[in-house]
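What follows is one structure encoded as C-alpha cells, with my remarks underneath.
Please treat every number below as a calculation from the coordinates, not as lab data. Only a predicted model underlies this, so the values are computations on that prediction, with no experimental measurement involved. Reconstructed Cβ throughout: ideal geometry from the backbone, glycine too, with neighbour counts over all protein chains shown.
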Amino acid sequence: MKKLALHWQILIGMVGGAIFGLIAAQFNMNQLVIDWIAPFGTIFVNLLKLIAVPLIIASLIKGVSDLEDISKLSQMGGKTILFYLITTVVAVTLGLLLVNIIQPGKLIEEDTRIELVEAYGGDAEAKILDAGKKKDQGPLQALEDLVPSNIFAAASDNGNMLQVIFFVIFFGIGIILIPDKKRRPVKEFFDSLNEVILKLIDLIMLFAPYGVFALLAKLIVESPSGDIFIALLGYGATVIAGLALMVFGFYPLIVKLFTGKSYSFFFKGIAPAQLLAFSTSSSAATLPVTMERVEEHLGVDEEVASFVLPIGATINMDGTSLYQAVAAVFIAQAFNIDLSIGAQLGIILTATLASIGSAAVPSAGIVMLVIVLAQAGIPEAGIALIFAVDRPLDMCRTVVNVTGDATVAMSVAKSENKLGDPHVKDWDDHYQKEENS
Ligand code: ASP
C-alpha cells in the first residue's frame, strides 16, 4: 500500500489528537488522557531532545571541519549572524506596527483584566522570579556564559546548547588547523557518527504521528475554558496575524529573492518541521527534523546546514521577538499606559536581545518577556493577562522560529554557492518515494 508523506501523517496525528482530546474532555475522561496517552507525547519529545546534543556535536564538527580554512568559517559566521539579526528586527518591527494599528489592549474590559490578574497572578509570579535571576546579572554575563568550564557538564544540560556550540566550533577549528593526515581519523569518526545519528532521527520520526497525537490530546484536555480565549481574542489574533505574515509573506519572499526557489518548493520541504514545531513548542526538539528537511529537501549543503541551523535554533527566534513586542504593548494598552516612540524603539532592542536569550523550549519566551516589560516600564505582573493563551501562541511562534532558521540557511547557502537540488538520502527513503510520486 502507498504510504502517506510524512507531513500528512503528522497532520493526521495532530488533528486526530485534537479531536480525541475534545471528545475526552466532553466525556470527562481527562485523567485517562493524562495517564495513558500523554506519556507517549513526552516520550516522543524526550527522544527528540535526547538526540539534539549528539546531533549538534556530530554535525557541527563535521560541518566546521569540512571548511577549508578559518576565513571561510568567519565569513559564514558573520553572514549567519547578520541575517539572523535582520530577520529578528523585521519581526519585532512588524509586531509593533500591528499592535499599534489593531490596539487589542483597548478591547480588554476592566473586569476581565482584574479577573485574569487574579486567576493567573501566581503563575506570573513564578515566571517573574525566573526572569529576575537573569536580570540581576552583569552586562557581560551572556558572553561569560558562552564559555563552559567543563564540556561534559555543558553537554549534560539541554539548556546549555550555546556552550556546546562554542566548544564544538572551537574543536572544529582545531581540526582545520592540523595536517590532513593527522585529522583524517577524527574527521572520519565524526562523519560516521553523524550518519548514525541521522539514522536514529529517521527511526524517531516513524513515531512522530503517534507522538503528536498524544501531545495534542493532552494539550486540549488541559487547556483553560473558552471564555478566557474570547476575552483575549484580539491579542491572540494580533500575534497570529504577525506570525502568519512572517511565515506566508516575509520568509517565502526572502527565499524567492535570494535563492529563486518557489513558494511550494519551500513549504513542501519545510512542512514536517513546521508541524513538529507546532506540536512540541520547542525549536530545540525540532532541530533534528529541521536539519534533515533543510539538507535533504531544500538542497542546503550539509556544511552550511550543520553550522547555521544549530546556532539558529538557539539564538534566532523571530516568532518569539514578534510576540514579545505585541505582548508588551498589549499589556501597556490594557493598563492604559502610553508608550512613547522612544519606549517602543527600546522594545525593538530588548525584544531582539530577549529572543536571542530565550531558550529553545516551551514557554521560554514568556520568561524573557518579563525583562522586556521591565525595561519599558510596564508592570511585570501584566503577564498574568496573557498567560491563558500563551501555549497556543507558543506553538505558533515556534513554527516561525524554525521557518526563520530554514530561510536563513537557504540564503546563506545560496550566497556561499552551496544550495543544490534536494537529495534525499537513504535514511529518509521510505518517505521520499511517496513525496516524489
Ligand atoms: N518555544 C519557543 C521555541 O522553542 C521559544 C518561546 O517560548 O518563544 O522556539
Using +1 at the Cβ of each Lys and Arg and -1 at the Cβ of each Asp and Glu in segment 152-243, identify which of Phe166, Ser223, Leu243 lies farthest towards the dipole's positive end.
Phe166
Computed [θ] at 222 nm, helices only, for the chain once each DSSP H run of length n ≥ 4 contributes -39500 (n - 2.57):
-25000 deg cm²/dmol
Give the Debye-formula value of log10 I(q)/I(0) at each listed q (0.06, 0.08, 0.10 Å⁻¹), with one equal scatterer per alpha carbon of the chain, two decimals each.
-0.25, -0.44, -0.70
Ser264 to Ser415: extension gain in nm, 0.36 nm per residue of separation minus the Cα-Cα distance?
52.2 nm
Among the aspartates and glutamates, select those whose C-alpha is under 18 Å from the C-alpha of Lys3, and discard any that sit fewer than 8 residues away in the same chain.
Asp202, Asp426, Asp428, Asp429, Glu434, Glu435
For Lys187, counting only aspartates and glutamates whose alpha-carbon sits under 18 Å away and dropping same-chain residues fewer than eight positions off, the answer is Asp66, Glu68, Asp69, Glu195, Asp301, Glu302, Glu303
Run the numbers for Leu32 and Ser71: contour at 0.36 nm per residue of separation, minus the present Cα-Cα distance, in nm.
8.3 nm
Could you order peptides 277-284, 403-410, 111-118, 22-29 by the average number of other Cβ atoms within 10 Å of their residues, highest first?
403-410, 277-284, 111-118, 22-29
Theoretical FRET efficiency, 1/(1+(r/R0)^6), r = Cβ-Cβ of Leu22 and Ser156, R0 56 Å, to 0.05
0.90
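Please report the net charge: other residues with Cβ closer than 10 Å to the Cβ of Ser282, K and R +1, D and E -1.
Net charge around Ser282: 0.
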In degrees from 0 to 90, rounded to the nearest 10, what is the angle of the helix 233-244 Cα long axis to the longest principal axis of the chain?
20 degrees
Tell me, in nm to one decimal, what length is gained between Ser340 and Asp130 on full extension, where the rule is 0.36 nm per residue of separation less the Cα-Cα distance?
72.8 nm
XL table Lys218/Lys261; Lys106/Lys268; Lys62/Lys268; Cα-Cα > 30 Å flagged, in table order, is Lys218/Lys261; Lys106/Lys268
Order of 260-268, 335-343 by packing, highest average Cβ count within 10 Å first?
260-268, 335-343
Put +1 on the Cβ of every Lys and Arg and -1 on every Asp and Glu Cβ in the chain; which of Met14, Gly260, Ile102 then has its Cα farthest towards the positive end of the dipole?
Gly260
Just to be sure I understand the model, the point goes 7 Å from the Cα along the line to the Cβ. What's the resulting Asn46 to Lys199 distance in nm?
2.4 nm
With +1 on each Lys and Arg Cβ and -1 on each Asp and Glu Cβ, how big is the dipole of the chain about its Cα centre, in debye rounded to the nearest 20?
780 debye
